[in-house]
Amino acid sequence: MFIGREFEMGKLNRLYGEKGFQMPVIYGRRRVGKTRLISEFCAGKRTLFYAAIEQNDSEALRMFSDEVLRSLPGKQSSFISSFDSWDSAFRYVADFAREERIVLVIDEFPYIASANPSLPSILQKAIDHYFSGTQLFLILCGSSMSFMEHQVLDYKSPLYGRRTAQFKIRPLDCFDSMKFFSDWKGHERLSGYGITGGIPQYLLAAGRHGSFRQAVEEEFLTGTGVLFEEPANLMKQEMREPAVYNSILRAIAGGASRQAEISTKVGMPSKSVANYLKALIDLEIIQKDYPFGDNNSRKVVYRVKDQLFRFWYRFIPGAMSLIGMGMPDEAFEKMIAPHFSDYFGPVFEDICRQYLVRLNRQKSLRTVYREFARWWGSDPETRQQEEIDIVGSDIEWALFGECKWKGEKTGLREMEKLQKRSTLLLRDKKREYCLFSRAGFTEGLRKEAERTENTMLVNLEKLLGEI
């Protein structure tokens, strides 16, 4: 099952249809589906696919040679067992691609470039002298985002200016993610996204079960589950001090959002915590949030961006004793079920923003908005802190949104609160409002929305209709 990635697949196929040498660069965090995207693209095309692993340079060249000679057999290949250099291997590939479109994929390029730091320069020479003028379609792929951005795409890199396209592969949005849970009840599909995010490997693991609860118990609350130790294992792979990162992630997932709060929770100086936070941001596990329209560093808050990490660090450490005793039912009932609705509130806000992004892309809103973000700040009259779940703006219009995951219907009172809060910013713009509600809306609010024509009401059925 291959879901989503229509834009990336379309762009790759358009590049493939153009004549001449092409070099798209594809990168993104681990498990995000880069290799699967490339494999789907390569189906039916003559392809040389080399998946690099961590090893020394001579072994990497030997394995690359084996793949080249197996995929591109020719007169020379009968008496060549291995190329003596990367340069020779690239020249051999170029000879085959002079008249025929050939796809050469180097997956996890950072592994071989780390083993041989001169490889980017060798590849630059091959592109300029051998590949130019051929029909080679070279794909460089990597999971180390810092390496790909600095050693491949940056202007200081020998490969700078050689790419013909670049794709930073991001997690799937909620609406593509929910397609992995097609047999689940409607609200459970939203919950499934809330524990896995848009990472295809996590979605596949959860989606093979028949319900949300079964997926949680089998994959998170059982020692043999695919997702039971996934975040902790990734921390061990990526970080030198996994225990510190685990503490920071647990603090943020538990509600600490400001740097001072996080440092207090983990018992470290605030300046030291800043370096760890930056590393987690680079991995796209956490993110910085600012109030809409305000990049004041004093107002920044941190939150766990990756839904699986947020769910895991919020619930699993506290459930470890029950998991260890082989009691997943009890772990779910005692540790997760009573608190999941509170946990899911911020997830629901993310889903609602993604819904508006889709409408914006389809040009189905009153105007095309530049961004959607949360806002928080002080009311100068009451001196109380206020929040607006979603704010969007363009030159003439502003959109204000409220997201309700509570059990009762949303009514006129919530609408009036949103209208009042909206006067705290963007006062010079025309205004429209959007209310999202899991439980639906009162008759009074529905009639008022019809009368004013500047209010959109989105219930659960509408959200699920985007799938």
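The values are calculated or read from the model by the stated rules, or taken from the named source; none is laboratory data. None of these values were measured; they are calculated from a predicted model. Cβ placement follows ideal geometry from the backbone for every residue including glycine, while neighbour counts extend to all protein chains displayed. Note: accessible area is taken over every heavy atom of the protein model, side chains too, but ligands, DNA and RNA are not part of it. Shrake-Rupley method; radii C 1.70, N 1.55, O 1.52, S 1.80 Å.
Can you say whether Gly318 is at positive phi and out of contact with any Lys or Arg (no Cβ under 6 Å at 6 or more places or on another chain), as far as the supplied structure shows? When the stated conditions are applied, Gly318 does not pass them. Scanning region 7-21 for residues that are under 18 Å from Ile102 (Cβ atoms) and in contact (Cβ under 8 Å) with a residue 24 or more places away in the chain gives Leu12, Asn13, Leu15, Tyr16, Lys19, Gly20, Phe21. Scanning region 383-398 for residues that are within 15 Å of Lys417 (Cα to Cα) and surrounded by 20 or more Cβ atoms within 10 Å (Cβ to Cβ) yields Ile388, Asp389, Ile390, Val391. In the set (1) open to solvent by 20 Å² or more (accessible area, probe 1.4 Å); (2) closer than 24 Å to Ser177 by Cβ; (3) assigned to a helix (DSSP H, G or I), the condition left unmet by Leu463 is number (1). Is one or more of the residues making up region 105-123 more than 22 Å from Ile53 (Cβ to Cβ), in contact with a Leu (Cβ under 8 Å, 6 or more places away or on another chain) and either open to solvent by less than 10 Å² (accessible area, probe 1.4 Å) or part of a helix (DSSP H, G or I) (or both)? No, region 105-123 contains no residue that is more than 22 Å from Ile53 (Cβ to Cβ), in contact with a Leu (Cβ under 8 Å, 6 or more places away or on another chain) and either open to solvent by less than 10 Å² (accessible area, probe 1.4 Å) or part of a helix (DSSP H, G or I) (or both).
Taking region 168-184 as the range and being in a helix (DSSP H, G or I) and not aromatic (Phe, Trp, Tyr) as the test, the residues that pass are Cys174, Asp176, Ser177, Met178, Lys179. So, of the residues in region 77-88 that are exposed (fewer than 11 other Cβ atoms within 10 Å of the Cβ) and farther than 21 Å from Leu123 by Cβ, which turns out to be modelled with the highest pLDDT? Looking at the filtered set, the residue picked out is Ser81. Within the bounds of region 86-93, is there any residue that is on the phi > 0 side of the Ramachandran plot and either in contact (Cβ under 8 Å) with a residue 40 or more places away in the chain or under 37 Å from the mean Cα position of the chain (by Cα) (or both)? Checking region 86-93: not a single residue is on the phi > 0 side of the Ramachandran plot and either in contact (Cβ under 8 Å) with a residue 40 or more places away in the chain or under 37 Å from the mean Cα position of the chain (by Cα) (or both). The residues listed here are Asp350, Asp294; of these, the one that is charged (D, E, K, R), touching a residue at least 60 places away in the same chain (Cβ under 8 Å) and either in a helix (DSSP H, G or I) or open to solvent by 50 Å² or more (accessible area, probe 1.4 Å) (or both) is Asp350.
Can you name the condition, by its number, that Ile38 falls short on among (1) in contact with a Leu (Cβ under 8 Å, 6 or more places away or on another chain); (2) within 29 Å of Ile285 (Cβ to Cβ)? Checking Ile38 against (1) in contact with a Leu (Cβ under 8 Å, 6 or more places away or on another chain); (2) within 29 Å of Ile285 (Cβ to Cβ), the one that fails is (1).
Set side by side, the residues Gln259, Gln214, Gln201 differ, and just one is more than 14 Å from Ile285 (Cβ to Cβ), within 18 Å of the chain's Cα centre (by Cα) and open to solvent by 30 Å² or more (accessible area, probe 1.4 Å), which is Gln201.
Condition check ((1) touching a residue at least 24 places away in the same chain (Cβ under 8 Å); (2) more than 25 Å from the chain's Cα centre (by Cα); (3) over 30 Å from Arg30 (Cα atoms)) across all residues:
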| residue | (1), (2), (3) |
| --- | --- |
| Phe83 | no, yes, yes |
| Ser118 | no, yes, no |
| Ser146 | yes, no, no |
| Ser157 | yes, yes, no |
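When the residues of region 275-289 are filtered to those that are open to solvent by less than 70 Å² (accessible area, probe 1.4 Å) and over 16 Å from Ala243 (Cα atoms), the one that is nearest to the chain's Cα centre (by Cα) is Glu284.
Within region 353-370, the residues that satisfy the criterion of being of a type in the set (S, T, N, Q) and in a helix (DSSP H, G or I) are Gln354, Asn360.
Applying the criterion of being closer than 30 Å to Phe175 by Cβ, in a loop (DSSP other than H, G, I, E, B) and out of contact with any Ser or Thr (no Cβ under 8 Å at 6 or more places or on another chain) to the residues of region 5-31, the residue that is most open to solvent (accessible area, probe 1.4 Å) is Arg31. Only one entry in Gly401, Gly377, Gly411 is buried (at least 16 other Cβ atoms within 10 Å of the Cβ), touching a strand residue (DSSP E or B) at 6+ places or on another chain (Cβ under 6 Å) and within 28 Å of Ser341 (Cβ to Cβ), namely Gly401.
Which members of region 302-320 meet the condition of being within 16 Å of Glu217 (Cα to Cα) and either free of Cβ contacts under 8 Å to residues at least 12 places away in the same chain or of a type in the set (A, V, I, L, M) (or both)?
Leu308, Ile316, Ala319, Met320
For His150, the test of being within 35 Å of the chain's Cα centre (by Cα) and free of Cβ contacts under 8 Å to residues at least 24 places away in the same chain is passed.
Arg431: surrounded by 11 or more Cβ atoms within 10 Å (Cβ to Cβ), charged (D, E, K, R) and assigned to a helix (DSSP H, G or I), yes or no? No: the conditions fail for Arg431. The condition (being of a type outside the set (Val, Ile, Thr), part of a loop (DSSP other than H, G, I, E, B) and more than 29 Å from the chain's Cα centre (by Cα)) is satisfied by just one residue among Gly161, Gly133: Gly133.
Whether a residue is over 32 Å from the mean Cα position of the chain (by Cα), in contact (Cβ under 8 Å) with a residue 12 or more places away in the chain, more than 23 Å from Asp289 (Cα to Cα) and not in a strand (DSSP E or B) was assessed, and Glu448 passes this test.
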